[in-house]
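Each reported figure results from applying straightforward, stated rules to the coordinates on display, with no laboratory input. Being a predicted model, the structure only gives us computed values, none of them experimental. A quick note on method: Cβ atoms are made from the backbone with ideal geometry, for glycine too, and the neighbour counts reach across all protein chains shown.
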Amino acid sequence: MFNKKRSLFSRLSGSTPNNSSYDAFEDEFPEPATQTQKQTEIRNTKSPDTDVNENNIIEEDSGAGELPVDVLQTADEIIIHAFVAGVRPDELNVSISRDVVIIEGTRAERQQVSTADYFTQELFWGSFTRTIMLPQEVDVDNATAHSKDGLLTLTLPKLDRTRQTKLKVKVG
């Protein structure tokens, strides 16, 4: 039997004759990959233990929880925001080098509740870690960390590699 190509209108409207077989309109064009599919493809091409995503954030598959972060910049600083609600300062460890920040901690559940007594349990309890590759070198000595209302803010001054200084030569 001869397969006649359907009109654009019939493809857009989804109408089909009852007695004809055809390829669906969706089959003519492959669906674009979603962000999740792209990340899965990237993970499958990297080492199973470590992955650097498109935001230069290293994701480690160590069983620890993932700490969501925002990384932004101003003209002079790189700023990192992370929600650490429920984490005491002594349970938080922030390590900074010129091009990497590592945030580690433990969110401990303060009360013991039987799993059977939960209606919904979505909060993460346990250890977490996040390694962030910085887009530019930072001044480690002048970096600051501040926490308010469960939001950790790291302020990392950028190193200015183009800045020059004149030195006076002393005699003697």
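Observations on the structure shown:
- Odd one out for ASP76, checked against (1) under 17 Å from LEU159 (Cα atoms); (2) without any contact (Cβ under 8 Å) to a residue 12 or more places away in the chain; (3) acidic (Asp, Glu): (2)
- Residues of segment 121-170 that turn out to be of a type in the set (Val, Ile, Thr) and in contact (Cβ under 8 Å) with a residue 12 or more places away in the chain, as a count: 7
- Those residues of segment 136-165 which are in a strand (DSSP E or B) and surrounded by 13 or more Cβ atoms within 10 Å (Cβ to Cβ), in sequence order: VAL138, ALA145, SER147, LEU151, LEU152, THR153, LEU154, THR155, LEU156, PRO157, LYS158
- In segment 85-102, the residues that are closer than 11 Å to THR129 by Cβ form Cβ pairs under 6 Å with partners that are of a type in the set (Ser, Thr, Tyr) and in a strand (DSSP E or B), at six or more places apart or across chains, as follows: ILE102/SER95; ILE102/THR131.
- Count of residues meeting criterion [part of a loop (DSSP other than H, G, I, E, B) and basic (Lys, Arg)] in segment 90-135: 2
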